[in-house]
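The values are calculated or read from the model by the stated rules, or taken from the named source; none is laboratory data. What you are looking at is a predicted structure, and each value in this text was computed from that prediction instead of being measured. Just the protein is used for accessible areas: all its heavy atoms, side chains included, with ligands, DNA and RNA removed. Shrake-Rupley method; radii C 1.70, N 1.55, O 1.52, S 1.80 Å.
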Amino acid sequence: MTKEELQNNLGTIAGSGSKAFVRQLQEAGDTKGSHEKIIGQFGVGFYSAFMVSKSVKVYSRSAKAGSKGYLWESDGQGAFKIYECEGVEKGTKIILDVKDTELSFTTPQVIERILKKYSNFVNFEITLNGGKVNTVEALWMKSKDEVSNEDHIDFYKFISGAYDSPMMRLHYAVDAPMTIRALLYVPQSHTEKYGGGRMECGVSLYSRRVLIQSKAKSLLPEWLRFLKGAVDCESIPLNVSREHTQDGALMRRLSSVLTKKAIRWFEEEAKRDRTKYERFIREFGPFLKEGVCTDQVHKMDIAKLLRFETSKAEVDYPYISLEEYRDRMQANQTHIYYITAPSKEMALASPYYEQYKEHGLEVLVLTETIDDFVMQHLDTYAKHKLQNIEMFDATNDGSVQHKKKLEGNKDEDVSIQKKLNDTQVNALADFFCKRLVGRIGVCKATERLRDSPAVLADHESAQMRKVYKVTGQIQGPPPKYNLHFNPKHDVIRKMYTLAHSTNNEDVETAGILAEQLFDNAIIAAGLMEDPRSIVQRLNSIMSKMVQNVDEPTADK
């Protein structure tokens, strides 16, 4: 720099001449690269040197013909001096007289760490002790065709600290509504499932290759925290420290653009490779479900990304989307049906599923604790209510009702069925209520069961109760549950006979059966809090089963 440039660029804080530098480049016809070239040229960052130094000396000589060398010197107290100096080579050299308390900044390890953190991707070569520091390229600034798969793997390992290759990747560039260059990766796995605590955002924010925020929290919504990568946006105005953005509205706009792009990316991946996407769902599905519950702006778009097991799943592709379920619903079907259970096997063995299986209604199988929250937040999809089958009688479904109307006056089944009559039903219901006083609410017969003797009705969700229990929102004993029993079932019919016997032992056996049937219904609904409470009763039942068996003898 010349003497005048030293005065203008270093003699006034925030008067660095950057605008003039850009204007000169634009006048020279270099409009495309002007923004990138300004990084590292001037800036208020120079004054951070006084935070660690007693004094700063700047030796500089302009490349203009006949220019002299100068020394700019200051102790940071508000004044500076400029001397003409002999032996100064073209260019600029800065010498810091580091404070005794800040000598750690003179160690190569600390300098290298700082350079790699903040300036690893600038397109100017940075050397330290003769070696190049910024060895990793800013791949997001290149076009997709210029980056190989090996380049992506190496960059992913660097940016995420991982040792494997990414499951999926997005190389994204757009110039409107703002200039964005991004590289986003989906890892093979995540640490939250191992109880490692909530992960931080894995995407860093850059501006023209310079790091602005590492693991930028406001860059993407929380439910996308599993993503790794880098986002470069030239439109971001920075504050003096260059570590925080000034325009919150612009950051929200950037976050919205990136979130929508990420959702479209997942949609495209689902169409491109269904097997890989189902692997992604098994690993990161809970994050998408979290998004449905927390991101009110994008929740319906996120819902399209969800995948669930189903009672009619294909062997090769066990997961389907809500859109696929809707497309294969029966004519006039009223709702989208689902059941919550620890596993698909348990769901299909549930007494609540029997009726839906008989009518050929497909049921989504939800096996994760968060699933109930997801369904409650969605409530409907494509104008169809998301209905838990535990709370709904399948005979009220539109398709079942329509089939009945089509059958018209079809001859009714006149086969003789063993079944309790209305008087017997009422008597047995009274017996249940007296035996289970304090535990049972309404007790009555139902036609919705096929192979099971009894179920709970109008009860709370098992998954929701578990969550409330863990968070301390539920205290005291469990509530009273309504019991519906099957008047055609063998156990129910014969229990009635025992309950109205003149033999007190038979009546007591009926009472034990009533208690066990009620607890079985609680277990089937997933609401049994302590199964140890039924062990003694089960032992009593087994004793009665073997009481007429002969004792073993010495020769047998």
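Under 5 Å from the amide H of ALA454 lie the amide H atoms of ASN486, each residue being 5 or more positions distant or on a separate chain, with H modelled from the backbone and absent for Pro and chain starts. Spatial offset of segment 445-479 relative to segment 69-94 amounts to 80 Å, using the alpha carbon center of each. Surface composition of the chain: carbon plus sulfur atoms contribute 50% of the solvent-accessible area (1.4 Å probe, protein chains only, all chains present). For MET391, the solvent-accessible surface with a 1.4 Å probe is about 70 Å², rounded to the nearest 10. Ordered from highest to lowest accessible area with the whole protein assembly present and a 1.4 Å probe, VAL546, VAL257 read as VAL546, VAL257. In percent, rounded to a whole number, the relative contact order of the chain is 7, using alpha-carbon pairs under 8 Å and six or more apart.
For the chain, compute Rh as the Kirkwood radius over C-alpha pairs and then the Stokes-Einstein diffusion coefficient at 37 °C and 0.692 mPa s; write the answer in µm²/s, rounded to an integer. Write down the numbers at each step before the final one.
Values: Rh = 30.1 Å.
Translational D for this selection: 109 µm²/s.
For THR106, the accessible surface of its heavy atoms amounts to roughly 70 Å² (probe 1.4 Å, protein chains only, rounded to the nearest 10).
Which order do you get for ARG439, ARG253 if you rank them by accessible area with a 1.4 Å probe, largest at the top? Intermediate results must be reported in sequence, preceding the final value.
On the way: ARG439 90, ARG253 120 Å².
Sorted by accessible area, descending: ARG253, ARG439.
Ordered by solvent-accessible area of protein heavy atoms (1.4 Å probe), largest first, the residues LEU128, LEU456 come out as LEU128, LEU456.
Taking a 27 Å limit on the Cα-Cα distance, which of the listed pairs LYS299/LYS403; LYS93/LYS117; LYS90/LYS132; LYS54/LYS117; LYS260/LYS289; LYS383/LYS488 fall beyond it? All intermediate terms of the calculation are to be shown ahead of the outcome.
On the way: LYS299/LYS403 35 Å; LYS93/LYS117 23 Å; LYS90/LYS132 22 Å; LYS54/LYS117 25 Å; LYS260/LYS289 16 Å; LYS383/LYS488 37 Å.
From the list (LYS299/LYS403; LYS93/LYS117; LYS90/LYS132; LYS54/LYS117; LYS260/LYS289; LYS383/LYS488), the Cα-Cα distance tops 27 Å for LYS299/LYS403; LYS383/LYS488.
Rolling a 1.4 Å probe over the protein heavy atoms leaves LYS469 with an accessible area of roughly 90 Å². Cross-link partners of LYS142 among aspartates and glutamates, defined as those whose alpha carbon lies under 13 angstrom from its own and excluding same-chain residues fewer than eight positions apart: ASP151, ASP232.
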